Amino acid sequence: MTLRTLSLRALLLLGLWHSGRRSLASGPQLQEQPKKIAVIGAGIGGTAAAYYLREEFGPVVKIDVFESGTVGGRLATVKMGDYEYETGGSVIHPLNLHMKQFIDALGIPQRKEVPSKMAIFDGKELVFEESDWFLVNFFRMLWRYGFSFIRMQMWVESVLDKFMRIYQYQQYGYSFSSVDRLLHAMGGDGFLTLINQTLEEAMMGEGFSQVFLNDMVAPITPIFDSIFTR
């Protein structure tokens, strides 16, 4: 199973379009309200951009969304019998406040927790199977992956801490002339580096093992709401 490229550009597109009219980092100010706006792409980034543009400029602006493929981007609902299952982006992080806003606006309820166990299949055999005993699971994980799980939590929290700064900029009405300027304001040169790396490269640079990436990271990246492309 291959790892996919971490695309922070798509993840932060919501913030770029939802920013206010004041400028930061040499972002140009609009002299007059536009009459027509074209949005390329009808995935979550494009549809969110159109939504916030309509919210910003009101009904007098004509907004066209162009899509060459399927509307919805990575959303992929499969019907099996009487039930429908989401096989695309199906996990939304609670700190993604814009996605939470969309969920509330659409009236989508949270899924109730379902008792379950985890197993990892590498295509040939089960390399890990969860037990009913916490200590058994802990030592199995420690033996196979070392302290990668703890390192993973710390690394993700550090990235999210920088990501959350976007809401502070939006609260005060700042805007940016490019995604690069937005990323630099949020996390400095480190964020700019991330958008030019694969997820595998970024995590290997942080000391994660290849086994952990293959077993744990690669299988779960397609189900998150942020966009990952090879």
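The values are calculated or read from the model by the stated rules, or taken from the named source; none is laboratory data. All values derive from a computational prediction rather than experimental measurement. Cβ coordinates were reconstructed from backbone atoms using ideal geometry, including for glycine residues, and neighbour counts include every protein chain displayed. Note: areas computed on protein heavy atoms with side chains; ligands, DNA, RNA excluded. Shrake-Rupley method; radii C 1.70, N 1.55, O 1.52, S 1.80 Å.
Can you name every residue in the range 63-72 that is under 13 Å from residue 50 (Cβ atoms) and within 21 Å of the chain's Cα centre (by Cα)?
67, 71
Provide a single number: the residues in the range 188-222 that are surrounded by 14 or more Cβ atoms within 10 Å (Cβ to Cβ) and under 22 Å from residue 100 (Cβ atoms).
Of the residues in that region, 2 qualify.
Quick one: which of 208, 191, 139 is without any contact (Cβ under 8 Å) to a residue 60 or more places away in the chain and hydrophobic (A, V, I, L, M, F, W, C)? Working first, answer last.
Working: 208 fails: without any contact (Cβ under 8 Å) to a residue 60 or more places away in the chain; 191 fails: without any contact (Cβ under 8 Å) to a residue 60 or more places away in the chain.
Matching residue, one of 208, 191, 139: 139.
Search the range 26-39 for residues that are modelled with pLDDT of 85 or more and pair each with any residue that is of a type in the set (Val, Ile, Thr) and in a loop (DSSP other than H, G, I, E, B) when their beta-carbon atoms are under 9 Å apart and the residues are at least 6 apart or on different chains.
That search, which allows pairs on different chains as well, returns 34/61; 35/60; 35/61; 36/61; 37/61.
What do you reckon, is residue 114 at pLDDT below 85, out of contact with any helix residue (DSSP H, G or I) (no Cβ under 6 Å at 6 or more places or on another chain) and in a helix (DSSP H, G or I)?
No.
Regarding the range 166-183, can at least one residue be identified that is within 19 Å of residue 205 (Cα to Cα), open to solvent by 50 Å² or more (accessible area, probe 1.4 Å) and not in a loop (DSSP other than H, G, I, E, B)? It would help to see each step written out before you state the result.
The first filter runs over the range 166-183 and keeps only residues within 19 Å of residue 205 (Cα to Cα), leaving none.
No, every residue in the range 166-183 fails to be within 19 Å of residue 205 (Cα to Cα), open to solvent by 50 Å² or more (accessible area, probe 1.4 Å) and not in a loop (DSSP other than H, G, I, E, B).
Rundown of residues vs (1) part of a loop (DSSP other than H, G, I, E, B); (2) aromatic (Phe, Trp, Tyr); (3) open to solvent by less than 90 Å² (accessible area, probe 1.4 Å), yes/no style:
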position: 50; (1), (2), (3): no, no, yes
position: 55; (1), (2), (3): no, no, no
position: 85; (1), (2), (3): no, yes, no
position: 88; (1), (2), (3): yes, no, yes
position: 93; (1), (2), (3): yes, no, yes
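Those residues that are assigned to a strand (DSSP E or B) and within 25 Å of residue 97 (Cα to Cα), I need them from the range 57-75; list them, please.
63, 65
Would you mention how many residues in the range 150-175 are without any contact (Cβ under 8 Å) to a residue 40 or more places away in the chain and closer than 17 Å to residue 199 by Cβ?
The number of residues fulfilling the criteria is 7.
Step by step: first the residues of the range 170-196, then only those that are within 17 Å of the chain's Cα centre (by Cα) and hydrophobic (A, V, I, L, M, F, W, C), then the one that is farthest from residue 55 (Cα to Cα). Which residue is that?
Ranking the qualifying residues of the range 170-196, first place goes to 194.
Can you give me the number of residues within the range 107-149 that are surrounded by 11 or more Cβ atoms within 10 Å (Cβ to Cβ) and either under 22 Å from the mean Cα position of the chain (by Cα) or not hydrophobic (A, V, I, L, M, F, W, C) (or both)?
Of the residues in that region, 11 qualify.
Please specify each residue of the range 30-48 satisfying the condition of being surrounded by fewer than 18 Cβ atoms within 10 Å (Cβ to Cβ) and in a strand (DSSP E or B).
36, 37, 38, 40
Is it the case, given these coordinates, that residue 91 is modelled with pLDDT under 80 and touching a strand residue (DSSP E or B) at 6+ places or on another chain (Cβ under 7 Å)?
Numbers: modelled with pLDDT under 80: yes; touching a strand residue (DSSP E or B) at 6+ places or on another chain (Cβ under 7 Å): yes.
For residue 91, the condition - modelled with pLDDT under 80 and touching a strand residue (DSSP E or B) at 6+ places or on another chain (Cβ under 7 Å) - is met.
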